[in-house]
Amino acid sequence: MFLKDYWYVAAWSDELGKSPLAVTMLKQPIVLFRSADGTPVALEDRCIHRRAPLSIGNVVGDDIQCAYHGLVFDAGGKCVKIPGQEQIPRNAFVRSYPVVERHGCVWVWMGERERADPAGIPNFQWLDKAGWSVTKRHANIRCEYRLIIDNLLDLSHLAFVHSSTVGQSQVADIADVKTERRRNSVRVTRWTLNVPPARTYLQFGGYTGNIDRWQISEFSPPSSFIIDNGSAASGTGAPEGKPGEQRWGFIVCHGITPETETTTNYFWALAHEAFTEDLAAIEEFHRQSQHVIGEDIAVFIAQQRIIDLDPDAPTVDIRYDAGPLQARRVIDQLLAAQSAGERAAS
Amino acid sequence: MFLKDYWYVAAWSDELGKSPLAVTMLKQPIVLFRSADGTPVALEDRCIHRRAPLSIGNVVGDDIQCAYHGLVFDAGGKCVKIPGQEQIPRNAFVRSYPVVERHGCVWVWMGERERADPAGIPNFQWLDKAGWSVTKRHANIRCEYRLIIDNLLDLSHLAFVHSSTVGQSQVADIADVKTERRRNSVRVTRWTLNVPPARTYLQFGGYTGNIDRWQISEFSPPSSFIIDNGSAASGTGAPEGKPGEQRWGFIVCHGITPETETTTNYFWALAHEAFTEDLAAIEEFHRQSQHVIGEDIAVFIAQQRIIDLDPDAPTVDIRYDAGPLQARRVIDQLLAAQSAGERAAS
Amino acid sequence: MFLKDYWYVAAWSDELGKSPLAVTMLKQPIVLFRSADGTPVALEDRCIHRRAPLSIGNVVGDDIQCAYHGLVFDAGGKCVKIPGQEQIPRNAFVRSYPVVERHGCVWVWMGERERADPAGIPNFQWLDKAGWSVTKRHANIRCEYRLIIDNLLDLSHLAFVHSSTVGQSQVADIADVKTERRRNSVRVTRWTLNVPPARTYLQFGGYTGNIDRWQISEFSPPSSFIIDNGSAASGTGAPEGKPGEQRWGFIVCHGITPETETTTNYFWALAHEAFTEDLAAIEEFHRQSQHVIGEDIAVFIAQQRIIDLDPDAPTVDIRYDAGPLQARRVIDQLLAAQSAGERAAS
């Protein structure tokens, strides 16, 4: 079961060009395309006639034409042309989905149209901010989407999974971790004080002494994250709320879109203010940082393989699971409310 | 559920050489081989001893010998030798299937042997007709076999799927389509009058002016087709039953053999009278025409993927579906009769 | 259902080096690793925390550390460290399996620890015997493990599957076969007297005349075999228990470890006393002999494909099945006893 009344990342803006793009979200086949003025459209990717996917068809003006028998559907999903006949049956339509393109992301609303409020879209403002460097990535992963949520709310794993770049043992051993649950979101703040910089921080932050580093991971249901990774010279006041000296860091925005119960489209983007004029260095920083997520993905796939062998094997929680457990609770409560609403409506 | 008391194409004659050939028809493993005089034999491809497929064995005279422990079966499926013992148990046999080789096709009867009447074999007479050019193809496709039937009874799809070769928009827009149901067969006749020739017709038909073109698709259950694709100079009487001038066209014979519920072995052959002495031109015509079916296959696979996601998604029929719907009705009625017969027999 | 209270081959000794090795036995994920002094350890390959496989982690001294959040488990499966917290929950452990390394094999006990008696380990003494040549192989095969047992207790198949090397028709046609069932083991002795040597025997046995050959296949449940393949110059007394002249042969030890109901890890090793100083000849003999099992594996995969199509298709037994049928009976009786024991215990 998935949370429906939410905006999910369907694609990065630059993944959606002139051709239709097939995506599967929450087990539903969806075709994305741009109408003549570039506005993104999301329709059910299943011609109402003989169920060919519209995504193998062609965009014609603001409409999309099925590749098989030429039926044409407008951006609202209404069939507006059937070759060889004048009359168009009333039930000749496909579902259309509300779409908003914002900060370089194409967001699709998977619930009831009348409840689609763009105010609920996660604020990935850094992804098109003037002067910021941004790289975006997208992977289709054989894992349940909640494994990724677990990962991003317990960043102690940097000490092990990412020990060669952004991680260091102190992030797990001596960090001060605070978990806050607001009504529906969860924030985990992790401070690691007075430690030598990890390799990436040393290489690009230009530190010569110890640093204070923080990771603030903000989860919004169903599955988006904004993670602020920062650092400053140790003892210059960052933990007390001052800017701190030699401040260096980056933001990562994550959109996690379930494809099926056991596959997920994972979108993530790295963004930071310019910290050097050395473009090769920035490129190397991005390469190194994006590599980090590849290390995580290998873990997700491995976990899912083990889970599939025995989905009911017991688990034990540890102290750092406070954040992940809160997020699971949020999702479970929202799913229960969704089911109750559906029962009431039927 | 499949129709059983029918002849299905198991292989093209030239696919069956000296070695045993494994095929799966209606979910049943079958081994084809030729006895010493070349007569095709079809047996259950499962040694009665330890269930090794006989198709990995060897033809010995008129018999086939299992590769594993050397049991020998004759063309009737009877075990005639068990190495190391004299006596052969009475139940040591595998099912044998009636086979007829005709017009370059190996037809296998999938029902009760006593009802196997070769008169029911579709008449693919063009495939070995003197002076005709023929090419045959065979593809294993991940789709339910009825998707191919839909395709071949609504040739308006040429306007979209095959627009670069044999198709043109008028085939869908202005065609005059007549559907005739005989007792068990369905014929769809489509005339498109006074139109410029589509690319293939222009290139090989040698037309300089408009043409009248016809497509006559004849379906016989469970799943064979003879399609007459013809054309003549417009206004020379073809629609009225005269030969027409500058007449040009070709026949395609299709045999569609379900392998499982969602996979199909699709056999099709292009045949035509010689229309030029330029062999390279004929070769190019065949290449172009066979490519057409590849375009269809891409659609079948795409449809099946979407159907698998939600087999119960609704569909809407259009005017051109009269033929496909009649064929489905024929199949459904025959399946119902088959079930009734099986219930009565048990 | 699998037999549990038994030792199974988990790996050849030389497959288990310094890195953790993931294996799946009886559907259970297991990680093998060596503690600091080289002793093999077998643990459940599923971190109790978030179910990452421990096999993607690292060996640290005598322990293994999870790659994800750094939990450390000792050789007994007890969690001995959780980064970031002092206290370790009592239920933070993974299953540990008794392991014995003997004669170049790593044996894992899949049942209750208290019943693990190393005296029950099959005696593969030839695999590390001074002066013997040994090669070991291991394949993961898509077949049910009992298909391999059938194969090794009816060596008449050499006449067909291995006719180009160790087989000859007489092994099936004229062999004298005796099947003995002891309490739980089954021995099939096959003598083929006064026959020309099969290719491999001719090439490496150096025979100039006929031979007497024997194959003694000894099965111990659940799934191990010691097969003595021997020969001697015909008429020199081998069948009567004398050594025989020009004696030549080899031993093959087999360990067959079910991975799932339809996949199996198959371990086999060829061993023989030196019969020549020509190392290239010995190498060629091993190459030829190991190739033989590849021929069997092709049959297993083919059988399983046919079985999957219709698991209930009938079979017929032949005379040579006495051995395989006894082995099946042994396994079925032991499985029934195991189930009865489990019911009594619950």
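Shielding value for C:303-313 is 5, the average number of Cβ atoms from other chains within 10 Å of each residue's Cβ. For segment B:109-119, backbone phi angles converted through the Karplus equation (6.51, -1.76, 1.60; θ = phi - 60°) give residue-by-residue couplings of 8, 9, x, 5, 4, 5, 9, 6, 10, x, 4 Hz, Gly and Pro being listed as x. Placing unit charges on the Cβ atoms of the charged side chains and taking the dipole of segment C:229-346 about its Cα centre, the candidate lying farthest along the positive direction among C:Val330, C:Pro243, C:Tyr320 is C:Val330. Does the protein assembly as shown come out rounded, prolate or oblate by the C-alpha gyration tensor, with a ≥ b ≥ c the root eigenvalues, rounded set by a/c under 1.5 and, if not, prolate when a/b is larger than b/c and oblate if not? Cα axes put the protein assembly as shown in the oblate bin.
Take A:Gly120, push a point 7 Å out from Cα through the beta-carbon direction, and compare it with the same point in every other copy: 5.8, 5.8 nm, smallest first.
In this label model, B:Asp176 and A:Arg343 are separated by 6.3 nm, measuring between points 7 Å along each Cα→Cβ vector. Who wins for biggest fluctuation among C:Gln303, C:Gln326, C:Gln87 in a Gaussian network model of chain C, springs between alpha carbons below 10 Å? Its mean-square fluctuation being the largest, the pick is C:Gln87.
Taking only complete DSSP H runs, can you tell me which helices of chain A stretch 18 Å or more along their own long axis by Cα positions and average at least 0.0 on the Kyte-Doolittle scale? Helices meeting the span and hydropathy rule in chain A are A:279-309.
Rounded to the nearest 500, the helix-only mean residue ellipticity at 222 nm of chain C stands at -7500 deg cm²/dmol, with each DSSP H run of n ≥ 4 adding -39,500 (n - 2.57). Checking the a/c ratio against 1.5 first, then a/b against b/c, what shape does the Cα gyration tensor give for segment B:134-195? Oblate, since a/c reaches 1.5 and b/c is not below a/b. Farthest toward the positive end of the dipole of segment B:7-120, out of B:Gln87, B:Ala116, B:Ser35, is the Cα of B:Gln87, where the dipole comes from beta carbon charges about the Cα centre. Absence of a disulfide-compatible partner, taken as no other cysteine beta carbon within less than 4.7 angstrom, is noted in chain A for A:Cys79, A:Cys105, A:Cys143, A:Cys253.
From least to most packed, judged by other beta carbons within 10 angstrom and beginning with the fewest, B:Ile141, B:Ile211 follow the order B:Ile141, B:Ile211. Here the Gaussian network model covers chain C, with springs between Cα atoms less than 10 Å apart; of C:Gly84, C:Gly76, C:Gly209, C:Gly84 fluctuates the most. Think of each Lys and Arg Cβ as +1 and each Asp and Glu Cβ as -1; about the Cα centre, that makes the dipole of chain B roughly 700 debye. With the label 7 angstrom out along Cα to Cβ, how close does A:Arg319 come to the same site in each of the other copies, in nm, nearest first? With the label placed 7 Å along Cα→Cβ, A:Arg319 yields 7.6, 7.6 nm. Taking label positions 7 Å along the Cα-Cβ direction at both C:Asn184 and A:Thr236, the computed distance is 7.2 nm, reported to one decimal. Just report the Cα centroid separation between segment A:129-196 and segment C:169-193, whole Å. About 65 Å separates the Cα centre of segment A:129-196 from the one of segment C:169-193. Given +1 at the Cβ of Lys and Arg, -1 at the Cβ of Asp and Glu and no other charges, the dipole of the protein assembly as shown around its Cα centre is 1500 debye to the nearest 20. Considering only alpha-carbon pairs that sit under 8 angstrom and 6 or more positions apart, the relative contact order computed for segment B:125-335 is 27 percent. With a ≥ b ≥ c the root eigenvalues of the C-alpha gyration tensor of segment C:1-77, is it rounded (a/c under 1.5), prolate (a/b larger than b/c) or oblate? Oblate shape, in that a/c is at least 1.5 and b/c is the bigger or equal ratio. For B:Ala11, nonlocal amide neighbours, meaning residues 5 or more places apart or on other chains whose placed amide H falls under 5 Å from its own, are B:Val106. Each of B:Phe204, C:Phe93 was scored by other Cβ atoms within 10 Å of its Cβ. Arranged with the fewest first, they read C:Phe93, B:Phe204. Normalising the average separation of contacting C-alpha pairs (under 8 angstrom, six or more residues apart) by the number of residues puts the relative contact order of segment C:7-120 at 25 percent.
The mean number of partner chain beta-carbon atoms within 10 angstrom of a residue's beta-carbon across peptide B:41-50 is 5. How would you rank B:Thr192, A:Thr24, going from fewest to most other Cβ atoms within 10 Å of each one's own Cβ? By the 10 Å Cβ count, ascending, the order reads A:Thr24, B:Thr192. For the peptide B:55-66, the mean number of other protein chain Cβ atoms found within 10 angstrom of a residue's Cβ is 1.
Laboratory data are not the source of any read-out in this text; all were calculated from the coordinates shown. Because the structure is predicted, anything quoted here is derived from the model rather than measured. Methodologically, a virtual Cβ is constructed for each residue, glycine included, from the backbone with ideal geometry; neighbour enumeration extends over all protein chains shown.
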